[in-house]
Structures are given as structure tokens and as C-alpha cells.
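The values are calculated or read from the model by the stated rules, or taken from the named source; none is laboratory data. Here the structure is a predicted model, which means the values were calculated and not measured. In this analysis, Cβ positions are derived from the backbone assuming ideal geometry, glycine residues included, and neighbour counts consider all displayed protein chains.
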Amino acid sequence: MTEVADVSFALPRGRRPADPLPGFRIALVATLFWTGLIVVLPLAALIMRPWQEGIGAMTAALQDSRMFAALRISFVSAFIAALIDVPLGVILAWALVRARLPGRRIIDALIDLPFAIPTAVTGITLATLYGPQGWLGAPLAHLGISIAYTATGIVVALMFVGLPFIVRSVEPVLRDLPPEFEEAAGLLGARPWQVVTRVVLPALLPATVTGFGLAFARGIGEYGSVIFIAGNQPFHSEIAPLLIVVRLQEFDYPGATSIAFILLVASSLCLMGIAWLRRRVARGMVAGAAP
Amino acid sequence: MSSTTQSSRREADIPRWLLIAATYTIVGIMLILPPVLVVAEALRNGFGTALTTLADPDALSAIRLTVTMTLASVVINTVFGVLAAWLIAKYRFPLRGVLTALIEMPVSVSPVVAGLVWLLLFGTQGWWGQALDRIGVHIAFAPPGILLATLFVTFPFVARTLLPLMEQQGRDDEDAAMLLGASFWQILWQVTLPNVRWALLSGVLLTTARAMGEFGAVSVVSGHIPGLTETMPLHIETLYNGYQSVAAFSMATLLAAMAMATVGLRSFFEARARNAVIRGQDA
């Protein structure tokens, strides 16, 4: 029963009696040890390393225009891909929940495919599919559209990777949306498209923002599925994670670490921003529904 | 029931056929063509050729390394994931939110960064790399580095799958077991884990699928030595860049099949886990 006394040090004094459930100390020690070793220690190295070579190395790294080009390409491609995924994902979610399509179960299973397929397999597959001799690449080449080995290829790869995030965020909300809402809107004289734009889509907005945010955040750091289909031309189709690898191959650790650091900070800020936006949207929804 | 069908019919009259056509187009181009292409490219020269490429010594060594690394990271991350979920779900303590955020952290880190951080510690220019090299311990560009990168990438999955269910179930069962005199391990083994068994299995399978497919993080720390530090995804890259398309896609078919089987099993258990959540609510 020693654990009884042990828990008390971690609990706010006076507000709550000591926790009698055994195991607190062993679980705490194991979790802190493991989180410290696998997460905190390496991330601490990432945060401290750029300053180790002195401020000079960091400012030199920050003047690298190739790095900014790569970061811009990563962020813009991830943004465009997530944006295109939004309507596609909402349509698929609608098909899964509301349309009684033949093969609905198969579609449901296929949605998770981009999650399931390892990124390297996605990479070589999309590069072949959209390549000049590919099943889709060849007909598109006839139309004068080239996707593989261009910046467009990056967007195509990120669209594939991001699609399930939108569908899986929107789908449960759409499922919980009572059909009575739409029915009531219809009885009140709304046209079908008004029902969709005024009733269904606003209700889906918070979930859509979440899905967009997840797809976007995933796209910023994506590597394996992109590098095969992107041309990897500096300033044109070189993504930031690839530039980290290039810098490492040049044994330029400060350069690689600076990009990684900026990538980490930027994607954390994006995630926080999206969480904030989602809270605002959700609150707006509640406020709008209250009166 | 009849009102539901009526409303959904009215909801959509005009754009319905358009949406259905759009659905099949999206699914066909984005979700059906890619896996069909993987298998078609692998079987381009027949089934026998595809199998022969997998019997190559470097291919076999890559398969072996992937299986070993996956098993090791799944076991390690499951043990610590269970303890972390138990800690966060069953107790209230200061900085609990910070700890949860730290456990979630690896999800939002780019795979390449997840590999880079280990080089900063154990690479030739890393903090401890040279010192460890001198005493004969090789972590970067060797299997231990691959294991660390895989552990980082798959770190949160068991804990984050268990957490919502464990929090929802509260700790009445655990408190009852405690009052009956059960020890920590007895409570964990006989009360908590049986309550979350489907979620646990789902988390373990997710960890497995992600561990075997990890490319970016492993690519950075591995050093790409065929036969020694190449996992299946890395070997696929080497083959593809070496214009050995059939071999690359054969390996890709095998890896994708392994990952999809794992994820498929997971969806099956996930449905059971979801039912467990509903039951948890009822209780």
C-alpha cells in the first residue's frame, strides 16, 4: 500500500485525497522514461542543434533561397491538394452515408487504402500511373498535360494521401445529422440545392475543416509518396523534406536541421491554427443554432 | 423508416446522378487504378518471374529486416503504450495534458524529420555518435537506428487508440478490484486489458502496418546498405531507381498485401471496439 502515499505528491494538495489505485508510480516512471527517450530527447536535439554552431550558421541557413523555395512548394502543394480533396472527400462521404450505391462496402474499404499502402509503394505506383507511358499519363500527355516529374505531380500524390482524412472526418458527422433536418427544410420550402448549401454543408463545416487540417498537415511533411513522382528540381519541384535529405547527403547538418526546425514549427503552428479555426467554426455553429 | 427514404429521395433529385457518377469516377481513378497497377506491373513477365525476384538474397534480407524491426517496435511500443494510456486515463495529475501532447507529437512530425533527429544524436556529426562508434556501438546506419526511427514514428498509436475507450470506461471496475485487494498487475491484466481488448488489438495492428511501411524516417537513418540495412520499402526504392520495375513492384505487392491485410484485420476489430465503446456508455 505504499502507492497510496506516493500518489499524493503529484496531486493538488487538499483538493483531493490521495489516489488509492495502485500502479501510479510504475506507470508514471515507465511513461516518462519512454516518452523522454523516444520523443523528448530527439526533439530536444532538433531544437538545440541549430544554435550549436553559433548564430552565424543559423543566419546563413536562413538566407538559403533554395530552402525557402522548398518550404513554399511543400506548403502550397499541401494546401492545394487538401483543398481539392475537400469536395472529393465530401462527395465520397455522402456516397457512403446517404446514397445506397451498389458496392458501398467496397468503397468504404477502399477509402482507407491510402492509409494502408506504404508510402514508397504509393510513390512508385503514382509515378508509373502518371508517367509518360502510364495508364493515365499517356492519354494526358496526348492532351499536352504532364503530371509526373512536375510540381503538379506533388499535388496529385498529396491528394491521394490526404483523401481519407476528409472522408473519415466528414462521414461520422453526416451519419449523425438527422434526416429530419433536411426534411424540415424541404417542408419549409427549401429547394434541394438550398437544403444542401444551407443545411447540410454548414453542419459539415467543422468536420471538413478538421479533415482539411489533417490532410494539409500530413501533406507538408510527406516524403515517400511524393519524391518518385515529383521532378525534384530545386526551386521548382523540390519539397522541403527532400531538401533535408539532400543536405544530409552533403553532410550539411546545420542546413538540414534548420529546415527540419522550420518545418516542425510551421506545421505545429498550422495545426494549432486549424484547431483554433475549428473551435471558432464550431462555436459559430452553436451560436447560430441557439436562437 | 419510410420518411427517411422519402426525404433522401427528395434531398437529391437533380444532382443525385451527378454525385453518383462523380463518386465512381473518384473511386476508380484514385483508389482502384493504383492497386491494380501495382499487381499488373509485378505480373508483367508472369507470376514465376515475380516470385523469382522475391527470392533474391537482398530481397530476402530486406523482408527479414522488416519483419524483425516491425515485431520489435510493436512489442516495445505496445508495452509502453498500454502503461501510458493507463496512466493518463485512470489518474489525474499535474501536466497530464502536456504528457498527452508529447505522446501525440510524433504524428505531426515529418517522417524525414523523425529520421533526422536520431542522426543528430547518433550520426557521425551527432552528439554521441563518435563516442559510441569508438566503443563499437553503431546506431546510425545500422539496425538499431532503424528501430529507433520506427519506434518514434509508431510511438503514439497504441496509447491513442486505448485512451478514449479507457477514459470513457472510467475506473469503477479498477476501484472495485482494488477494494477486493487486487495488485496493480492483477488489475491491469484481469480488469483493464480485457475491457479494452479490441481497441488494444486495433492499436497493435495499426502500429504493425505503420512500422512495416515506414519509409522516410528509416531512409534517413539506414544508410541504404543492400543486404544489411535495407528494409522492404527501402529495397523497393533501390530496385525502382535501378530500373528493375518488375522486382520493385513484386516487392511492393508483397509489402502492400501485408500492410493491407493488417489494416483489414484492424477494421474488423475496430467495429468490435466501437461496439465496446457503445457498451461502455451504457454501463
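Given A:Ile117, A:Ile106, A:Ile111, A:Ile124, which one is at pLDDT 90 or above and over 26 Å from A:Asn232 (Cβ atoms)?
Checking each option against the conditions leaves just A:Ile111.
Would you be able to say whether some residue in the stretch B:222-233 is part of a helix (DSSP H, G or I) and at pLDDT below 95?
Looking through the stretch B:222-233, at least one residue is part of a helix (DSSP H, G or I) and at pLDDT below 95.
Step by step: first the residues of the stretch B:232-248, then only those that are of a type in the set (A, V, I, L, M, F, W, C) and more than 7 Å from every other protein chain (Cβ to nearest Cβ), then the one that is farthest from the chain's Cα centre (by Cα). Which residue is that?
The selected residue is B:Val246.
Picking from B:Leu65, B:Leu37, which residue would you name as being within 10 Å of another protein chain (Cβ to nearest Cβ), modelled with pLDDT of 95 or more, closer than 18 Å to A:Val121 by Cα and surrounded by 14 or more Cβ atoms within 10 Å (Cβ to Cβ)?
Testing whether each residue is within 10 Å of another protein chain (Cβ to nearest Cβ), modelled with pLDDT of 95 or more, closer than 18 Å to A:Val121 by Cα and surrounded by 14 or more Cβ atoms within 10 Å (Cβ to Cβ) leaves just B:Leu37.
Pick from the stretch A:227-271 the residues that are under 29 Å from A:Leu129 (Cα atoms) and small (Gly, Ala, Ser): which of them is farthest from the other protein chains (Cβ to nearest Cβ)?
A:Ser237
Looking at this structure, is B:Ala22 facing another protein chain (nearest Cβ under 7 Å) and either at pLDDT 95 or above or surrounded by fewer than 20 Cβ atoms within 10 Å (Cβ to Cβ) (or both)?
Yes; evaluated as a whole, the condition is true for this residue.
Restricting attention to the stretch A:7-47, and to residues there that are more than 26 Å from the chain's Cα centre (by Cα), closer than 24 Å to B:Leu102 by Cα and more than 7 Å from chain B (Cβ to nearest Cβ), which single residue is modelled with the lowest pLDDT?
Once the filter is applied, the top-ranked residue is A:Ser8.
Across the stretch A:104-163, what is the number of residues that are assigned to a loop (DSSP other than H, G, I, E, B), within 24 Å of the chain's Cα centre (by Cα) and more than 11 Å from chain B (Cβ to nearest Cβ)?
4
Quick check on this structure: which one of B:Phe47, B:Phe93, B:Phe122 is more than 22 Å from the chain's Cα centre (by Cα) and surrounded by 24 or more Cβ atoms within 10 Å (Cβ to Cβ)?
From the options B:Phe47, B:Phe93, B:Phe122, the qualifying one is B:Phe122.
Looking only at the stretch A:79-95, count how many residues are buried (at least 21 other Cβ atoms within 10 Å of the Cβ) and within 11 Å of another protein chain (Cβ to nearest Cβ).
Selection size over the stretch A:79-95: 8.
Considering B:Ala283, B:Ala259, B:Ala209, which residue is more than 9 Å from chain A (Cβ to nearest Cβ) and at pLDDT below 95?
When all the criteria are applied, what remains is B:Ala283.
Among (1) hydroxyl-bearing (Ser, Thr, Tyr); (2) farther than 30 Å from A:Pro241 by Cα; (3) buried (at least 21 other Cβ atoms within 10 Å of the Cβ), where does B:Thr231 come up short?
With (1) hydroxyl-bearing (Ser, Thr, Tyr); (2) farther than 30 Å from A:Pro241 by Cα; (3) buried (at least 21 other Cβ atoms within 10 Å of the Cβ) applied to B:Thr231, the lone miss is (2).
Please specify each residue of the stretch B:250-273 satisfying the condition of being in contact with a helix residue (DSSP H, G or I) (Cβ under 7 Å, 6 or more places away or on another chain) and farther than 21 Å from B:Thr70 by Cβ.
Answer for the stretch B:250-273, where residues must be in contact with a helix residue (DSSP H, G or I) (Cβ under 7 Å, 6 or more places away or on another chain) and farther than 21 Å from B:Thr70 by Cβ: B:Arg272, B:Ala273.
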